[in-house]
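Scroll down for the structure; my scribbles are underneath it.
Read-outs throughout are calculated quantities, based only on the coordinates presented, and are distinct from any laboratory measurement. It should be emphasised that the depicted structure is a prediction, and the values quoted were computed from it without experimental measurement. So basically every Cβ, Gly included, is an ideal-geometry build from the backbone, and we count neighbours across all protein chains shown.
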Amino acid sequence: MNKSLPGVRYRIIAIFLVLIAVFVASLFLVRGLRAQSAQSGAASDNDLLSDYRRVEVASVSDALEQLTGKRMYMSHRMHPLFTTKFAGFARTVLLKKDEGNRDPNALNGMLAAIDDGSADSVYVMKVEDGEDIAGMGGLMGTAMSARGYAGAVIDGGVRDVAYLRKIGFPVYATGIVPSTSVHHYRFAGSQIPIVCDGVTVNAGDIVAADSDGVVVVPRAQAQQVLALAQQMDFKEHSMYAVIEQTRSILEAVKKFGRL
């Protein structure tokens, strides 16, 4: 019986080694699947944004109204610094009034929110009663541009406009002013729901902008809204030739059912 012990031991060791090999292989498999899933998700996000960058904001706005019954576009108060078109995922920031504060760290969270963002982000900031307060300027715009942000939308003021135009970083804001938020405001949170120029924006929502303005698409409805907006774009663009040919907008609307 003792002579068989080495054989038993070898079998136990062999089984143990096989189990270790299976365990290690399974770890690599799980990591590979996670990496593949992450790459697939990134590719899907990139495709989604690419499509939103091609479709017209007016069509997106109409599609949202048809599907949700809500106004998801910002008002005429929201102006671009220059003609632009972009789409990206919302990175939200809220500033609240704190007049006369001398806290050197009062706005640090606002800056950290920029540094924590990634490419294709849109910096969406609500400055409480801040139309005459610059929520951002050249330094913040430079940081966003360096990190690959798609743009910024500020419910409040913006300054250093000449420099932002020079570097070509797109910003929409409700005012252009030389003022500062330092000693007047305090960071109140990032990646939280905010109301920007009357529109609720959640972190990760799609923000699309062009010469017609800014619209916000809830992330959960992004594909559905995009599909309808693309249909609307196709119909509208097809109508131009019909109107030119027939010289009748009524005929074009009758044919395509789009106005």
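To make sure I understand the rule: partners must be lysines, Cα under 18 Å from the Cα of LYS255, and not fewer than 8 residues away in the same chain. Which ones qualify?
Those lysines meeting the cut-off are LYS235.
Taking 30 Å as R0, compute the FRET efficiency from the Cβ-Cβ separation of SER50 and ILE20 and round it to 0.05. Let's see the in-between values first.
Numbers: r = 45 Å, r/R0 = 1.50.
Once the sixth-power term is evaluated, E becomes 0.10.
Exactly which chymotrypsin sites (Phe, Trp or Tyr not before Pro) in the range 53-101 are in a DSSP loop and have at most 13 other Cβ atoms within 10 Å? Please report the intermediate quantities before stating the final value.
On the way: sites: TYR73, PHE82, PHE86, PHE89; in loops: PHE82.
Here the chymotrypsin sites (Phe, Trp or Tyr not before Pro) that fit, given the DSSP loop and packing criteria, are PHE82.
Would you mind computing, in nm to one decimal, how far apart the modelled labels at GLU65 and GLN191 are, each placed 7 Å from Cα along Cα→Cβ?
3.5
Taking the Cα centroid of the range 236-259 and of the range 53-111, what is the distance between the two, rounded to the nearest whole Å?
33
Using a ≥ b ≥ c from the Cα gyration tensor of the range 73-217 (square roots of the eigenvalues), is it rounded, prolate or oblate, where a/c under 1.5 gives rounded and otherwise the larger of a/b and b/c decides, a/b for prolate? Mind dumping the intermediate values first?
Details: a/c = 1.37, a/b = 1.30, b/c = 1.05.
Rounded shape, in that the Cα axes give a/c under 1.5.
Which of the trypsin sites (Lys or Arg not before Pro) across the range 217-259 are loop residues per DSSP, with 14 or fewer other Cβ within 10 Å? Working shown, then result.
Values: sites: ARG219, LYS235, ARG247, LYS254, LYS255, ARG258; in loops: ARG247, ARG258.
Within the range 217-259, the qualifying trypsin sites (Lys or Arg not before Pro) (loop, at most 14 other Cβ atoms within 10 Å) are ARG247.
Assuming R0 = 25 Å, can you tell me the calculated FRET efficiency for the pair GLU131 and THR200, based on Cβ-Cβ distance, to the nearest 0.05?
It comes to 0.85.
Considering only C-alpha atoms, what is the centroid distance from the range 186-234 to the range 115-129, in Å?
13
Calculate, for GLU251 and GLN223, the FRET efficiency according to 1/(1 + (r/R0)^6) with r their C-beta to C-beta distance and R0 30 Å; round to the nearest 0.05. Don't skip to the answer; put the middle values down first.
On the way: r = 33 Å, r/R0 = 1.10.
According to the calculation, E is roughly 0.35.
Using 7 Å Cα-to-Cβ label points, what is the ILE167/ALA112 separation (nm, one decimal)?
The answer from the label model is 2.2 nm.
Can you list the lysines whose alpha carbon sits under 20 Å from that of LYS97, skipping same-chain ones fewer than 8 residues off?
Straight-line reach from LYS97, under 20 Å: LYS126.
So which aspartates and glutamates pass the test for LYS96, namely a Cα distance under 20 Å, with those fewer than 8 places away in the same chain ruled out?
The reachable aspartates and glutamates, counting only those whose Cα sits under 20 Å from LYS96, are GLU128, ASP129, GLU131, ASP132, ASP155, ASP197.
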